[in-house]
1. Which one of the conditions (1) buried (at least 23 other Cβ atoms within 10 Å of the Cβ); (2) in contact with a Pro (Cβ under 9 Å, 6 or more places away or on another chain) does Ala189 fail to meet, given that it meets all the rest?
2. Exactly one of (1) at pLDDT 95 or above; (2) surrounded by fewer than 20 Cβ atoms within 10 Å (Cβ to Cβ); (3) within 16 Å of the ligand (Cβ to nearest atom) is unmet by Arg441. Its number?
3. Take Phe261 and decide whether it is out of contact with any strand residue (DSSP E or B) (no Cβ under 6 Å at 6 or more places or on another chain), of a type in the set (A, V, I, L, M, F, W, C) and modelled with pLDDT of 95 or more.
4. For segment 243-254, what are the residues that are buried (at least 24 other Cβ atoms within 10 Å of the Cβ) and assigned to a loop (DSSP other than H, G, I, E, B)?
5. I'm checking my understanding of the structure. Among residues of segment 372-428 that are out of contact with any strand residue (DSSP E or B) (no Cβ under 9 Å at 6 or more places or on another chain) and acidic (Asp, Glu), which one is nearest to the ligand (Cβ to nearest atom)?
6. Consider only pairs whose beta carbons are under 6 Å apart and that are at least six residues apart or on different chains; among these, list those whose first residue lies in segment 54-69 and is of a type outside the set (Gly, Ala, Ser) and whose second residue is assigned to a loop (DSSP other than H, G, I, E, B).
7. State whether one or more residues within segment 259-268 are in contact with a Pro (Cβ under 7 Å, 6 or more places away or on another chain), away from the ligand (no atom under 12 Å from the Cβ), more than 19 Å from Glu396 (Cβ to Cβ) and open to solvent by 10 Å² or more (accessible area, probe 1.4 Å).
8. From the residues in segment 293-311 that are surrounded by fewer than 23 Cβ atoms within 10 Å (Cβ to Cβ) and of a type in the set (S, T, N, Q), which one is nearest to the ligand (Cβ to nearest atom)?
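The values are calculated or read from the model by the stated rules, or taken from the named source; none is laboratory data. Values in this document were obtained by computation on a predicted structure and should not be read as measured data. Cβ sites come from the backbone with ideal geometry, for glycine too, and all protein chains shown count toward neighbours. Side chains included, ligands, DNA and RNA excluded: accessible areas come from the protein's heavy atoms. Shrake-Rupley method; radii C 1.70, N 1.55, O 1.52, S 1.80 Å.
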Amino acid sequence: MRYISTRGQAPALNFEDVLLAGLATDGGLYVPENLPRFTQEEIASWAGLPYHELAFRVMRPFVTGSIPDVDFKKILEETYGVFSHNAVAPLRQLNGNEWVLELFHGPTLAFKDFALQLLGRLLDYVLEKRGERVVIVGATSGDTGSAAIEGCKHCENVDIFILHPHNRVSEVQRRQMTTIFGENIHNIAIEGNFDDCQEMVKASFADQSFLKGTRLVAVNSINWARIMAQIVYYFHAALQLGGPARSVSFSVPTGNFGDIFAGYLARNMGLPINQLIVATNRNDILHRFMSGNQYVKETLHATLSPSMDIMVSSNFERLLFDLHGRNGAAIAGLMDTFKQGGGFSVEQERWTEARKLFDSLAVDDAQTCETIAEVYEQTGELLDPHTAIGVKAARECRRSLDIPMVILGTAHPVKFPDAVEKAGVGKALELPAHLSDLFERDERCTVLPNDLKAVQAFVSQHGNRGKPL
Ligand SMILES: *Cc1c(COP(=O)(O)O)cnc(C)c1O
């Protein structure tokens, strides 16, 4: 399988190189040159497979030529073996023909484990084969950091540095990062905000000379392997609900458009999906596009669903690429306009094409709390605020009651106690067994000033399993 850039100017890469690549050299994102397509009979034959075996069948075409089948199978069995629920991604019914797909049974209790547990193992496998090491420098406002650290903690060939804003992440989220020890794991608390952390990561990618020749790898959702891993659970859910003979709809709590883009790909690979709902919080750039064909940056609002607090959705470029007939020059033009502060609309036919599949809703904090309370009253299920946004959007935007509606349950409510408390639900939140002593564990973290040079010096001092690069 070969991968091409959405801006048309970077060289095509194979899977191994795309795994290590991050952004393409032309500023674009990598996508498969040709998407695999499965027949209905083939998909139907996968009913009842354990999650890791389904994962093998869905993802195999993407890694062909880079990872032999036996090795890929073993990696997948290990990856999904660490999930605490035997079904890996169980469905829970909320209402008539309405289901939550629980994606929070991984080590850090959020759906990012599905991709990052795999990414860590894939990186280590490929690096071992090549006799190389890499450094990961990532910024987090919460979920991505812990999922990336958990995913990479056993990697022999990866050193990971995660920057978070000092005193500005929740205690659960901080402890999920700082209580994982390893000579290749480094938590850095920056005396600044999340944007400062992100700027330092960007600057480090732009000029990697401080790494003395070691390569930097991206673990944010621009990394193709993360999207790839997320395609699997759309197939998994549909197969449980009578697919592919029956079509299914999904409502997806969305920030960077990574998770929902995986659903779009599942459909293009042959899975009958009737409707994909983009569920955003008050940071609603995607809703403004889907409802009014306006893609315009606005100011950032802090919400009760912080993992979706974004101004710009990085993966949206991948959808735009398809909407424009895969014309890289057109995308480069649009992104240029956008960068200059313009914002843009797309031609009417292209927007209409997108609207055949996608609907959208923006849900504010008050509605999020109302939904948490309402669902708890009706069913006894406690939703996290991100999942609640998905439920609200599903109920407002649903096109057909006959088609099963699946809401992606992106996090466990225990990670977001503020929202649950504001919703007035009197249920005590309990950490799952494997995290029950989280508040007693020792923490390891280095506080650094908001200064790029200081951070880069720290990375180069510790980037070789705690020793200098
Ligand atoms: C990251 C995250 C999201 C948003 O996912 P995108 O791929 O950025 O759209 C939603 N919910 C939770 C809990 C998350 O951690």
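1. (1)
2. Unmet for Arg441, out of (1) at pLDDT 95 or above; (2) surrounded by fewer than 20 Cβ atoms within 10 Å (Cβ to Cβ); (3) within 16 Å of the ligand (Cβ to nearest atom): (3).
3. Details: out of contact with any strand residue (DSSP E or B) (no Cβ under 6 Å at 6 or more places or on another chain): yes; of a type in the set (A, V, I, L, M, F, W, C): yes; modelled with pLDDT of 95 or more: yes.
Yes: the conditions hold for Phe261.
4. Thr254, the sole residue that qualifies.
5. Here the residue is Asp418.
6. What qualifies is Leu54/Trp46; Arg57/Trp46; Pro61/Pro36; Phe62/Met1; Thr64/Met1.
7. Pass one, segment 259-268, residues in contact with a Pro (Cβ under 7 Å, 6 or more places away or on another chain): none.
Checked segment 259-268: no residue is in contact with a Pro (Cβ under 7 Å, 6 or more places away or on another chain), away from the ligand (no atom under 12 Å from the Cβ), more than 19 Å from Glu396 (Cβ to Cβ) and open to solvent by 10 Å² or more (accessible area, probe 1.4 Å).
8. It comes out as Thr303.
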